[in-house]
Amino acid sequence: MSENKSIQEIEADIIDEFSLFDSWDEKYEYIIDMGKKLPELDEKYKLDENKVKGCQSTVWLVAEMENGKIIFKADSDAVIVKGLISMLIRVLSNHTPDEIIEAKLEFIQKIGMTSHLAQTRSNGLLSMVKQMKNFALAYKLKQSLINN
Amino acid sequence: MIQAAPISKGLNVEAIRKEFPILERLVKGKPLIYLDNAATSQKPQSVIDALTEYYSGYNANIHRGIHTLAEEATAAFERSRDTARDFIGANVREEIIFTRGTTEGINLVAYTWGRQNIHAGDEIIISGLEHHSNIVPWQILCEEKKAVLKVIPINDKGELVLEKFDELLSSKTKLVAVAHVSNALGTINPVKYIIDAAHNVGAKVLIDGAQSSVHLDIDVQDLDCDFFAFSSHKVYGPTGVGVLYGKKSILELMPPFQGGGEMIKEVTFEKTIYNELPYKYEAGTPNIGDTVAFKAALDFVNRIGKENIKRHEDELLEYATSELLQIPDLKIIGTSAEKASVISFVIDRIHPQDLGILLDNNGIAVRTGHHCAQPLMDTFCIPGTVRASFAVYNTIHEIDELVAGLRKAIKMLA
Ligand SMILES: Cc1ncc(COP(=O)(O)O)c(C=O)c1O
């Protein structure tokens, strides 16, 4: 189960999975498949305030805290982007704020996604990462306020 | 150097393609198919050569030095002005102002003529299919002057509703600013009608020629527009250069845009006497190299011939339209009777961005998104489209590849 895997271990899993593909078509088919499998976000979350800025497509992202770990949920109207978020969720969700803040997310580069997606689109991807890290920072701050 | 393509009857597209070195490159391991020409066109070798010849042969600041290089650079720069004047059929060279591009040209008019002539309660009319560059400068001006911005609506084919335009026109109308050709839909607007009707109520007319200048024969005197703006980079020329045409009688009365060198005749701390046209509007050292190379781009278009280019592009548009319509659930946005070689479409249940990414993965460059025309997309209730736009070097084979790429993408996304 990924539950007890570290962020780095999950990243390594993804890099392994992608190393099996010979062509970009296969990589995209896999990402599209992940996009389709990501459960749809409940309509009640699809609010303007949950939109991630900087993406050509619409991306909604929400975060909740459960037992000291952050659970991310997200959706998009574009399926490739949805596949990319699905990967980010797989890597980052269900970890502590500190773990998320520290995450280097080298897998994005190792599976060729930063160089492959054009600047404008990868900015969208980076916006998502930034937004996820912001959530982690906010929760961390909240925790420290409660603890003090 | 590459031999110039011989042009007789019909176009020798293969020879033309050889003039564009970039068309030989691979993208994602596949031959580049460049269908984003409405965003910017590729450059022929003659333009690239003109740029390097300028920098390696006679780079100098213009209009001031008495040395040989300065004279050569000034002469080349001014030759570009003459060629640009011919290209749009302007009466005199003083009417050709070099800018950074269409956007700067429109802003120049808004900040000079606009500030001087627009007052509280006046009305400016634009259309529902404008590029943001022909919306925002007028919004800023209207806000500052408490003037009113009116919009000609479009019908579901993406054509301007002229009856509504007639209704909007009144003695309050001071300016009509419309695109000659829509970048998002390809619609060719009936600008001649618009110009005549606007003049009848005493309004001035600015034509945004960013898209038309590369596809249509332009004659500003025949159109009788008061201003016409276009960009070099969409006409096979370098980026960072554009032309603003204005009628001399109007330009003479306008205040300057920016202050600085080049635009002055005499400066004392008490008073500055401005330079004559067109230099009054060209403050500072201009983009000399790119402006010089811009001439090579216009020469290229003239050599091939606008008419030949248009015939070829119309063929591509017609073929692409009929082929694309065979794809199930594909809908073309913008079906005006008069269209330039721009084709915008959506496919049911598939986001344009997904199509764009997968086409790029096959070496096919298209534009996806709102095309800097968000109000227009809102009219059609879509977030954006996929847009393929054709240039003189595109081929029927490339359209086949586009259609094949789309079919493959749809299968992957289904
Ligand atoms: C219709 C139209 N107007 C204005 C512009 C702005 O041109 P530029 O960015 O070269 O200033 C464009 C470019 O996309 C355009 O298509």
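The values are calculated or read from the model by the stated rules, or taken from the named source; none is laboratory data. On a predicted model such as this, the values are computed, not experimentally measured, just so you know. Cβ: placed from backbone, ideal geometry, glycine included. Neighbour counts: every protein chain shown. To get the accessible areas, we keep the full protein, side chains included, count just its heavy atoms, and leave off ligands, DNA and RNA. Shrake-Rupley method; radii C 1.70, N 1.55, O 1.52, S 1.80 Å.
Tabulated results
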{"item": "Student exercise, the protein assembly as shown dipole from Lys, Arg, Asp, Glu Cβ charges, in Debye to nearest 20", "result": "600"}
{"item": "Chain A: calculated mean residue ellipticity at 222 nm from DSSP helix runs of at least 4, using -39500 (n - 2.57)", "result": "-17500 deg cm²/dmol"}
{"item": "Fraction of antiparallel bridges per DSSP, chain B only, in percent to nearest 5", "result": "60"}
{"item": "Furthest towards positive pole of dipole, A:MET87, A:THR114, A:PRO97, structure part region A:7-143, Cβ charges", "result": "A:PRO97"}
{"item": "Karplus-derived 3J(HN,Hα), 6.51/-1.76/1.60, for each residue of region B:20-31, Hz, glycine and proline x", "result": "10, x, 5, 5, 8, 7, 9, 10, 6, x, 10, x"}
{"item": "Contact order normalised by residue count of chain B, Cα under 8 Å, 6+ apart, percent", "result": "22"}
{"item": "Sequence-separation-based contact order of region B:207-350, relative, with Cα cut under 8 Å and 6+ spacing, percent", "result": "19"}
{"item": "Under 5 Å, built H, 5+ apart or other chain: amide partners of B:ALA177", "result": "B:ILE125, B:ILE126, B:LEU206"}
{"item": "In degrees, nearest ten, helix A:24-37 long axis to first principal axis of chain A (Cα)", "result": "40"}
{"item": "Neighbouring partner chain Cβ atoms per residue of B:67-78, average, 10 Å criterion", "result": "0"}
{"item": "Space enclosed by the convex hull of the alpha-carbon atoms of region B:1-101, per residue, Å³", "result": "173"}
{"item": "Region B:272-341: radius of gyration over Cα atoms, expressed as a fraction of 2.2 N^0.38 Å", "result": "1.88"}
{"item": "FRET efficiency, 1/(1 + (r/R0)^6) with R0 45 Å, evaluated for B:THR268 and B:ASN117 via beta carbons", "result": "0.95"}
{"item": "Chains A and B, summed buried accessible surface - 1.4 Å probe, Å², nearest 100", "result": "1500"}
{"item": "Partner chain coverage, peptide A:69-81 - average Cβ within 10 angstrom", "result": "3"}
{"item": "Size of electric dipole in region B:115-199: Cβ of Lys, Arg +1 and of Asp, Glu -1, about Cα centre, debye, nearest 20", "result": "240"}
{"item": "Rg(Cα) / (2.2 N^0.38 Å) computed for region A:7-143, rounded to two decimals", "result": "1.01"}
{"item": "Charged-residue dipole, Cβ positions (Lys, Arg, Asp, Glu), chain B about Cα centre, Debye nearest 20", "result": "540"}
{"item": "Rg(Cα)/(2.2 N^0.38 Å) for the protein assembly as shown, N = residue count", "result": "1.10"}
{"item": "Carbon/sulfur fraction of accessible area - chain B, other protein chains in place, 1.4 Å, %", "result": "52"}
{"item": "Projected area, mean over directions - region B:49-302, Cα convex hull, nm²", "result": "14.0"}
{"item": "Within region B:185-340, percent of DSSP bridges classed antiparallel, to nearest 5", "result": "75"}
{"item": "Solvent-accessible area per residue, Å², over region A:7-143 with all protein chains present [probe radius 1.4 Å]", "result": "51"}
{"item": "Using θ = phi - 60° and Karplus 6.51 cos²θ - 1.76 cosθ + 1.60, couplings along region B:152-157 (whole Hz; Gly, Pro as x)", "result": "6, x, 10, 8, 6, 8"}
{"item": "Fraction of antiparallel bridges per DSSP, the protein assembly as shown only, in percent to nearest 5", "result": "65"}
{"item": "Helix-only CD estimate at 222 nm, as mean residue ellipticity for chain B, using -39500 (n - 2.57) per DSSP H run (n ≥ 4)", "result": "-11000 deg cm²/dmol"}
{"item": "Neighbouring partner chain Cβ atoms per residue of B:406-412, average, 10 Å criterion", "result": "2"}
{"item": "Charge dipole (region A:7-143, unit charges on Cβ, about Cα centre) - positive-most of A:ALA138, A:ALA74, A:ILE10", "result": "A:ALA138"}
{"item": "Sequence ranges B:29-35, A:62-68, ranked by mean other-Cβ count within 10 angstrom, highest first", "result": "B:29-35, A:62-68"}
